[in-house]
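Since the structure comes first, as structure tokens, the remarks are kept for the end.
The values are calculated or read from the model by the stated rules, or taken from the named source; none is laboratory data. Values in this document were obtained by computation on a predicted structure and should not be read as measured data. Quick reminder, even Gly has a Cβ in these numbers, built from the backbone with ideal geometry, and neighbours come from all protein chains shown.
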Protein chains: 2
Amino acid sequence: MKRREEHFAPLWELSALWETLTEEERRYAAEHVEVVLYDKNELIHEDGEESEYMWILLRGKVRIFKEGIGQRQQIIRLLKPFDIFGYRACIADEPYNSSASAVENCAVYRMSKECFTQLIKSNGTFCYNVMLMMATDLAISEIQTVNLTQKHIRGRLAESLLLLLKNYGYEEDGRTLATLLPREDLANMSNMTTANAIRTLSQFAQEGLIAVEGRHIQILEENELKHISRLG
Amino acid sequence: MKRREEHFAPLWELSALWETLTEEERRYAAEHVEVVLYDKNELIHEDGEESEYMWILLRGKVRIFKEGIGQRQQIIRLLKPFDIFGYRACIADEPYNSSASAVENCAVYRMSKECFTQLIKSNGTFCYNVMLMMATDLAISEIQTVNLTQKHIRGRLAESLLLLLKNYGYEEDGRTLATLLPREDLANMSNMTTANAIRTLSQFAQEGLIAVEGRHIQILEENELKHISRLG
DNA sequence: AATAAAATATGTTTTTTAACACATTTTTTC
DNA sequence: GAAAAAATGTGTTAAAAAACATATTTTATT
């Protein structure tokens, strides 16, 4: 658990959300924020743990997940730089409702719960923007529930691949997903066993929809994947 | 579609949420709210439709659901009087993300989107309370995703029965659920086919966990149901 | 009250997916 | 760089749940 200090752009230059802070609030926030580094697969917060911080991802990828029955975990969302997490629990002043871990080596800003809720209370625009973010997360969660419960394996995996594309985009070649996930994570996103994720991925490759080389996945037939995802 | 006017307590006497409005805001809200009556099974709003109102349930029960593949519908939540709905879409200024229909004859207050968002913008405490509500809904949605994807049929049905108990409680006899739902709704809550909901309900009755008489369901072994729900 | 429609109940078959097993490859660790 | 551990790939079997079928009961409609 190395926790070196490092330099990053100030909070208010990261995203539209933090721009809404006043000069005074910026100073206040800067005092209550610190850089933390996490190693690949390191746990950032755990489901059920008392909430103490909210985080802003600076570098790397983070998975938000819940453990279900018999250690099976469901990935709820994957984060990219400047996404925030842990904010729901801070607002509700409840324990975290899910766990977060680093997909790869990560850097984050960590802000104390007190600071975050204070900013929400003092700045209406900021509050409204956080609210909008939560409204988006709620809609996504409800859509995801139906996707995961009603679609078949192929549909669920296609959905996950398209989600990765939407979230992280392509490498410079314009075809290879800019995401290197182990098959187990793909399975945990798609509510299936690892063996079935591997098998279905092979099928997609055989059908020429994707090309697979280790964890590098090329999307060859996006429209066909969309079709499979839509049908179930 | 009968829409008779009827008298109900003013908004601010309904729940803690609306108490936070100032005198002026109460007058403003009262002007933008109207009573609407819905018949059993009548659609209140539909997934994908442009959001125009948020609602406060006054009398009856409402189901919030999403249609998935092949007309299968997933019930996301069931509402009781003074619960609000349609607010997420209004805040995000998006189309509704789910549909709402009356489980039984219902009365609601209907408030225009403009009024609701205006109140949120003008009243910080009110805004924070709405935010708390959304934080709760988000946590419930994420828990529900894992429940519905990872538990087996018996676990999912037990879960739904316990949810009905928690949400609507018992009749005067202290044993019979104060909820008369068709088996199809039970199935749609629990992510299973109607036939399987009926079958599993019969099994539970045979095992002495519940007693069934038409749509009246008595909970006999709450702890055992909790156990089944926990195990999956 | 008669009829039609919808809901409930239950048995059987088929499909889907998890579980298990094991070989092979890749990645970590010392 | 060798050994150990983890991840990938694939076949087989078992379990879970949907689909289908049909009878019966209840509820709605005229």
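Some points to look at:
- Residues of region A:90-110 classified as outside any loop (DSSP other than H, G, I, E, B) and at the interface with chain B (Cβ under 8 Å from one of its Cβ atoms), total: 2
- Residues that are among the basic types (K, R) and more than 10 Å from DNA strand C (Cβ to nearest atom) within region B:191-232 comprise B:K226, B:R230, listed in sequence order.
- Scanning region B:90-134 for residues that are under 16 Å from the mean Cα position of the chain (by Cα) and under 30 Å from A:Q74 (Cβ atoms) returns B:Y96, B:N97, B:S98, B:S99, B:A100, B:S101, B:V103, B:M133, B:M134.
- Residue list for region A:27-80, restricted to those being of a type in the set (A, V, I, L, M) and touching a helix residue (DSSP H, G or I) at 6+ places or on another chain (Cβ under 8 Å): A:A29, A:A30, A:V33, A:M54, A:I56, A:I69, A:I75, A:I76, A:L78
- Of the residues making up region B:111-132, those that are away from chain A (no Cβ under 13 Å) and either modelled with pLDDT under 95 or not in a helix (DSSP H, G or I) (or both) number 2.
- Across region A:146-190, the number of residues qualifying as part of a helix (DSSP H, G or I) and within 15 Å of DNA strand C (Cβ to nearest atom) comes to 20.
- For region B:78-89, filtered to residues that are charged (D, E, K, R) and surrounded by fewer than 21 Cβ atoms within 10 Å (Cβ to Cβ), the residue that is nearest to the other protein chains (Cβ to nearest Cβ) is B:D83.
- Among the residues of region A:171-184, those identified as closer than 25 Å to A:S101 by Cβ and surrounded by fewer than 22 Cβ atoms within 10 Å (Cβ to Cβ) are A:E171, A:T176, A:L177, A:A178, A:L180, A:P182, A:R183, A:E184.
- Whichever residue in region B:199-226 is within 14 Å of DNA strand D (Cβ to nearest atom) and surrounded by 17 or more Cβ atoms within 10 Å (Cβ to Cβ) and, among such residues, is farthest from the other protein chains (Cβ to nearest Cβ): B:I217
- Residues that are assigned by TED's automatic domain parsing to the domain that holds B:R156, over 22 Å from B:E104 (Cβ atoms) and more than 16 Å from DNA strand D (Cβ to nearest atom) are absent from region B:183-198 altogether.
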